[in-house]
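Every number here is computed from the coordinates shown, using simple stated rules; none is lab data. Being a predicted model, the structure only gives us computed values, none of them experimental. Neighbour counts are summed over all protein chains in view; Cβ atoms, including those assigned to glycine, are modelled from backbone coordinates with ideal geometry.
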């Protein structure tokens, strides 16, 4: 089994829960009521997305070599 790494972005929603996007996989979105559920739903969405890429013979992106930093700027 190949191991791949993906960055996921969890965004709190006003009505509750979290939306999740996977920047390396355009159009890969999901949601969950809790952070734990959102992460589990992301795992499932990523798996389905990758299966679709494999079936279509498309290359499979991987975030493992990307670096990420968060910057806070004072105004």
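Each label was represented as a point 7 Å from its Cα along the Cα-to-Cβ direction; for residue 44 and residue 7 these points are 2.6 nm apart.
Here the label points at residue 73 and residue 33, each 7 Å from Cα along the C-beta direction, are separated by 3.9 nm in the simple model. Per residue, the average separation of C-alpha pairs within less than 8 Å and at least 6 apart gives the chain a relative contact order of 25 percent. For region 1-23, backbone nitrogen atoms closer than 19 Å to the point 7 Å from residue 54 Cα along Cα-to-C-beta are found at 1-7.
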